[in-house]
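The structure appears below as structure tokens.
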Amino acid sequence: MFRRRPLLIVLAALFGIARPTLAADAYSSDWAEGLKSSARLIAAGPRDGILQAGVEIKLAPGAITYWRNPGDAGLPPTLSFEGSANLAQARTSFPAPRRLPEGGGGEAFGYDRALILPIDVEVIDPSKPVELALKLNYAVCETICVPAEASLRLVLATSEGSPSPFAEAIAKAKALTPRPIEWSDLAAALTATGERSWRVCLAPQAGPKRDLFIEPPEAWWFDIKPDASGSAGTECFGLSLMQKPPDAELPVVARLTITGGQGPIETTIALKAGAKP
């Protein structure tokens, strides 16, 4: 949901339509070239009965694109596999995002330079190949924010063949996607600090500095900022409810993504006024 960029829709007709160029092989589709970005499908063959694929997006220097929750402004990517053949299910996962500064003091959650969104592909008939069709819509932002669109197709072999040159890149992207964990198994504490505000504190953990991202249901919006009030070594974050549906009340269940430390993880939490989950 866009909160600050109404020009995005207006600019779609001018800048957003991706143009295909010839650069395909057995494990990749043509690149779809857009303004300050390009996208293609790549594949890595089967693994444990699931075909491994991904959508690769390259961004121009200084440009960014968005995660599932775009932050203060922006639009998350959407992927449609309608029109695919021999496809039972395609599951897309998102590598953990970073905080990226935007103009006007805003902050985006997303990616810069390049990224791969891994796709697990389940087939209907394992004796036949899969024709994977993807309609991708995403936003690319620098000084202004414009939409990008790519229509991509790639045939995936369901049997082992020659090694894919993209197998390592897809595996690395999957390693960057958060691992699910139960809140009860996470060394963390939640404290209500007001009528509609909370503090989440994570116990010390070796590794890079951690960050916290929240994904509430549609039409809910939380502000989330680092909070330095925790004890030594503890990493804390403040959550504030900024917007909710007119007919909705707390509690609300949201997904939390934690990056850094010993690797990205995600969990769900119930936010209740004045109570712990």
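Coordinate-derived values only; no laboratory data. Here the structure is a predicted model, which means the values were calculated and not measured. Counting neighbours? That spans all protein chains shown, and the Cβs are built from the backbone with ideal geometry, glycine included.
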| Cβ charges +1 (Lys, Arg) and -1 (Asp, Glu), total dipole of the range 115-163, debye | 140 debye
| task | Please list the equivalent ellipsoid semi-axes of the range 151-277, computed as the square roots of five times the alpha-carbon gyration tensor eigenvalues, in descending order and whole angstrom. | result | 35, 21, 11
| request: Mind giving me the nanometre distance, one decimal, between the label points for ARG179 and GLU249, set 7 Å out from Cα along Cα→Cβ? | output: 4.0 nm
| query | If each of ALA167 and THR234 carries a label point 7 Å out from its Cα toward its Cβ, how far apart are those two points in nm? | reply | 4.7 nm
| Distance violations [Cα-Cα > 20 Å] among LYS36/LYS58; LYS58/LYS225; LYS172/LYS225; LYS36/LYS209 | LYS58/LYS225; LYS172/LYS225; LYS36/LYS209
| Normalised alpha carbon radius of gyration of the range 91-203 [divisor 2.2 N^0.38 Å] | 1.49
| query | Volume per residue, Å³, of the convex hull around the alpha-carbon atoms of the chain? | reply | 153 Å³
| request: Restricting to the chain, compute how many DSSP beta bridges are antiparallel as a %, nearest 5. | output: 95 percent
| When all C-alpha to C-alpha distances in the range 209-277 are sorted into bins of 5 Å, what percent of pairs does each bin hold, rounded to whole numbers? | 4, 14, 24, 26, 18, 9, 4, 1, 0
| message | Using alpha carbons only, how many angstrom separate the centre of the range 33-53 from the centre of the range 82-98? | response | 10 Å
